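Please read the structure below before turning to the comments.
The values are calculated or read from the model by the stated rules, or taken from the named source; none is laboratory data. Just so you know, these numbers come straight off a predicted model, no measurement behind them. Cβ sites come from the backbone with ideal geometry, for glycine too, and all protein chains shown count toward neighbours.
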Amino acid sequence: MLERIRARARELAPEIASWRHHFHAHPELSFEETETTRRVVELLRSFGYEHLRIGTAGLPTGVVADLNPDKPGRCHALRADMDALPMTEEGTCPYRSTNPKAMHACGHDAHVAMLLGAARILKEMEEDLPGRVRLLFQPSEESPHRSGARAMIAENALAGVDTISGLHVWSPLESGTLGYRTGPLMASADQWECTIEGKGGHGGLPHQAVDPVVAASLLVGALQTIVSREINPLDTAVLTVGRIEAGITFNIIPDRAEMMGTVRTFDRDVRKDIQARMRRIAEGLCETMRCKADFRYKEVLPPTVSDPGLAAKAAALAKPLFGEDNVLEIPPVMAAEDMSLYLEKIPGVFLFLGTGNAAKGLTQAHHHPHFDVDDDVLPLGVSLHCLLAWASLAGAL
Ligand SMILES: [Zn+2]
Ligand SMILES: [Zn+2]
């Protein structure tokens, strides 16, 4: 099976690269991927796909396609995100962005092209597939407050799905390698805010006021004790105060202070735990200081946690494709991904496909204005998509 998939992916490599170049030249921002969606639909139909679900959250972006929709047995989902970033491309490749306000600087153009390649190969193998496969072309990954994954899940994209996998091209890893991790791969990214109400007054008469600036200052320090004193030192967490705003001028004590920041961690329980501890300290400390705290915590994205068993099996399956030494267990990354939302619902695996190639000058970080993907890795990603879907349906994942 591997040989059949690999040979077909190699055959299709130039076409898959040309799809990527098209998407790269025509990037679209989060929830605006309408032309990308139109092209994906056009190609899926040309491969023989019939019943497509098009659109997400009332917008004409995002596609769900099923293989063997009526076949009994397991269902595996393959996911690709489609959006670009609001930045200007500075590279000079022949397929560079035609839109000065958008750029595929994270490689989602490659994700769409690779899932299309897999869609084509799996369609050719449809009758032989031992179950169902669902393809998720997801809008809006780069805008965490408006996650496309969350919208697709709300519209039942995971109904009847047993397992899921996704790939992210990853320039810190060399082309031809695959990065995996049993357990957490990427961090949660949440946002918190706190309004501290005091009582304003004259800067020279503090005893007649209740100073929210002092309470906010003490709170910055007190919040640091959560990570240093309350969380198990073997767990990892970041608590950042990113913004404080209060007051107008030197001789006025203001009525209120506003604070906001982020919390990141790799563990779902630690994430819940920190929220409660922050609230306790914010409310308790402000009360001590005669102020009132209104503490709000917004869960934006959970940590991206691959099922440990599936991640280990996916790594083993990938070795014949990448080579024994090219499948690497990697340390976690403090960035976040909305793939995490699928992985919270069903077991699955998220993998990093190396695309760093110094010989071709492709070493830029993701979200950099010169970022680009090594086309030579596309057939590897396509083969891996097909292999993981096949293995999951056959009970080998
Ligand atoms: Zn990104
Ligand atoms: Zn990305």
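Within region 196-212, is even one residue closer than 24 Å to Lys298 by Cβ, in a helix (DSSP H, G or I) and either away from ligand 1 (no atom under 16 Å from the Cβ) or not assigned by TED's automatic domain parsing to the domain that holds Thr236 (or both)? Yes - at least one qualifying residue is present in region 196-212. Leu2 falls short on exactly one of the conditions (1) modelled with pLDDT under 95; (2) surrounded by 19 or more Cβ atoms within 10 Å (Cβ to Cβ), and that condition is (2). Condition check: modelled with pLDDT under 95 and either in a helix (DSSP H, G or I) or within 16 Å of ligand 2 (Cβ to nearest atom) (or both). Does Ala396 satisfy that? For Ala396, the condition - modelled with pLDDT under 95 and either in a helix (DSSP H, G or I) or within 16 Å of ligand 2 (Cβ to nearest atom) (or both) - is not met.
Here the condition is being of a type in the set (A, V, I, L, M, F, W, C) and either without any contact (Cβ under 8 Å) to a residue 24 or more places away in the chain or more than 26 Å from Pro184 (Cβ to Cβ) (or both); of Leu301, Leu285, it holds for Leu285 alone.
Restricting the search to region 130-150, which residues are more than 14 Å from ligand 1 (Cβ to nearest atom) and either assigned to a strand (DSSP E or B) or out of contact with any strand residue (DSSP E or B) (no Cβ under 7 Å at 6 or more places or on another chain) (or both)? Passing the criteria: Pro130, Arg132, Val133, Arg134, Leu135, Leu136, Phe137, Arg146, Arg150.
Taking first residues from region 79-90 that are under 30 Å from Asp162 (Cα atoms) and partners that are within 10 Å of ligand 2 (Cβ to nearest atom) and assigned to a loop (DSSP other than H, G, I, E, B), the Cβ contacts under 6 Å between residues at least 6 apart in sequence or on separate chains come to Asp81/Glu141; Asp83/Glu141; Asp83/Glu142; Ala84/His104. Out of the residues in region 352-372 that are within 13 Å of ligand 2 (Cβ to nearest atom) and closer than 22 Å to Gln138 by Cα, which is surrounded by the fewest Cβ atoms within 10 Å (Cβ to Cβ)? Across region 352-372, the extreme among qualifying residues is His367. State which residue is nearest to ligand 2 (Cβ to nearest atom) when the search covers only region 35-89 and only residues that are among the hydroxyl-bearing types (Ser, Thr, Tyr) and within 26 Å of Leu343 (Cα to Cα). Once the filter is applied, the top-ranked residue is Thr36. Pairing residues of region 265-278 that are within 15 Å of Pro233 (Cβ to Cβ) and modelled with pLDDT under 95 with residues that are part of a helix (DSSP H, G or I) and of a type outside the set (Phe, Trp, Tyr), at Cβ distances under 9 Å and at least 6 apart in sequence or on separate chains, gives Asp267/Asp273.
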